[in-house]
1. Along the range 369-375, what does the Karplus equation 6.51 cos²θ - 1.76 cosθ + 1.60 (θ = phi - 60°) give for ³J(HN,Hα), rounded to whole Hz, x for Gly and Pro?
2. Under 19 Å Cα-Cα from K531, which lysines qualify once same-chain neighbours fewer than 8 residues away are excluded?
3. If you take every DSSP beta bridge fully contained in the range 47-191, what fraction is antiparallel? Give it as a percent rounded to 5.
4. For K549, which lysines qualify as cross-link partners when the Cα separation must be under 16 Å and same-chain residues fewer than eight apart are set aside?
5. Which links in K434/K486; K30/K104; K545/K566 stretch past 20 Å when you go from one Cα to the other?
6. Under a crude label model (7 Å from the Cα following the beta-carbon direction), how far is N429 from L387 in nanometres?
7. Check L105: other-chain or 5+ apart residues with amide H under 5 Å from its amide H, H built from backbone geometry?
8. Round to the nearest 10 and give me the degree value, 0 to 90, for the angle of helix 558-579's Cα axis relative to the longest principal axis of the chain.
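Rule-based calculations on the coordinates, nothing more; no lab input. Note that this is a predicted model, so its numbers are computed, not measured. As a convention, Cβ positions derive from the backbone with ideal geometry for all residues, glycine included, and neighbour counts pool all protein chains shown.
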Amino acid sequence: MERIIGIDLGTTNSCVAIVEGGTPVVLPNKGGYKTTPSVVAISENGKRLVGHIAKRQSITNATNTVYASKRLIGRRWKSPAVRTMVETMPYTIVEGSNNDPRIKLRDRVYTVPEISSIILQEMKLISEEYTGEKIEKAVITVPAYFNDAQRQATKDAGRIAGLDVVRIINEPTAAALAYGFGREGDRTIAVYDLGGGTFDISVLSISNGVFEVLATAGDTFLGGEDFDGRIVMDWLVLEFAREHQIDLRRDKMALQRLRDAAEKAKCELSSARETEINLPFIISTGGSDALHLQKTLTRDRLEELTIDLVDRTVKICKKAVEEAGIGLKDIDDVILVGGQTRMPIVQAKVKEFFGKEPLKGVHPDEVVALGAAIQGMALMEDSQHVLLLDVTPHSLGIMIVGGFFSVLIPQNTTVPTSKSHIFTTVKDNQTSVKILVLQGESDRAEENELLGEFILTGLRPAPRGEVEIEVTFEINADGIVSVSAKDLETGQQQAITVTATSGLTEDEIKKMMQENQEYLVDMRRSEEVEKEKLTSRRTLQEIDKIFPKVRTVLEGSDFGQDAIRKAERVMEMARKAMEGNDHQALKTSNEALARTLNMFKGVVQKLG
Ligand code: AMP
């Protein structure tokens, strides 16, 4: 039978596992290591290097060595995450033709999925050498908080590596699978996953082989590398500048050495209380003169430099537990995943928050790959023993008129899932409608992330509100979204599998969001809009009735003439708002109308 491998494609390290004779095992690479650095490099003579070999030459070949590429995958060029990477990475990141970040190594530019595929290929090779068989199928893990574009890009990376990615699963869920595999009884667990680049927290219930994710939360830009960054930027670079008036950040090779030394010191401080950072010849000062860097880092100082990062993770844990709708005391076990959880302060804070000692039995670097392998086995056997019910980490919906976000699938809904909702047209004789698919938690469409767009054409020309359009969202087991829209009368349908909107520039996106006349009206919201319009009509009628009388009184004074002009402006604004469907604009103008009417009534009363 064809085997399915499980791959943990990490920011810092990657790991591959397989189930053998019913037991999941991690496969060692050629050097005997169970994890392989997620590092890719091109050597001076154009050779492709990956893993330990690539990491070892990273100092002498800093500009052609890529690490932490997972932080770039599926992101848009303009995203803040990419900006930070452009500024801090020793390798060159350029804008690609799809508005995606790409990586320049020697004389070639690579897409990010291409770089990831080189790591995946290595994982494939490790498994083929171990089993002596050709491996073509894999389950790959991603952070739970990865959005649709990031999942798609990871799947693409698999395809480029020659792998059929049978399933994408969330890292914390994979860890839970490894934990719960073969265990009896019902348990509720929390998986705290702090890796090199990302943080995830998931709360799950496990009952007779059914793994149900109750809630998940995280931050795709918070991980071990930020801890290293604090040592480098907030301490080593600053101290060096103070002592020598030299900015080490300008020298890419020095920066790479600092990073390596910082990471090493950080890891050592997980067991020692203090450690030496010793970097001779860190920078040349002209001719054969050079400066050296020698410092002692204590665990206390490291904790001071990074405590806010740890506190950020605790805040996110709080949110996840609330979302899960359970109390802290309902959590039976806390599992730590990711290398950064070896740091004592991280463990202490997790213990303090959950009120219990986290489990130490599971190997934080291997547990995710083991879980992926278990999922692979379950898919292969169509097993009834393991059922995975994961959730979507973001709310999904469409933009409706007025620039609002109408949610079809709320955050933390179990996937796979499908939801439909009926919308209607906003203009008379509207024959087409644009559907903007978004994900995020803001009520305003523009504040959420745009996943894609499509246009449904050929609607029957009819008065607004008459044509009904059913929009359906589907999320499959990989967490990948597809959307369709159907004219209920003609049966006309349009569908897309949502992929990254990388073909669009920010300006185009903004423009699309502004052209809101062509969008749909959510039936619920259109009722609210109609109510406001009715109020406007009635108030305007009342004002019109008494205006002639009020005018004669007010016209006599400067103050009165001002009041008349103001009232006319308010009425004009209300009439304009009534032409559109902006709920907020209507509400605001109704408030102003009510004030005007009150003032007018006061004047009439005084007249007797
Ligand atoms: P992962 O992505 O799970 O492989 O986690 C890698 C991250 O864990 C990197 O930032 C490492 O520096 C960090 N890490 C590994 N070992 C330790 C350790 N003993 N103490 C602190 N951090 C560690």
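1. Residue by residue, the range 369-375 yields 5, 4, x, 5, 5, 5, 4 Hz.
2. K427, K576, K587
3. Roughly 55 percent of the beta bridges in the range 47-191 run antiparallel, per DSSP.
4. K601, K606
5. Over 20 Å Cα-Cα: K30/K104.
6. Distance between label points: 5.4 nm.
7. Y110
8. The helix 558-579 is inclined about 60 degrees to the chain.
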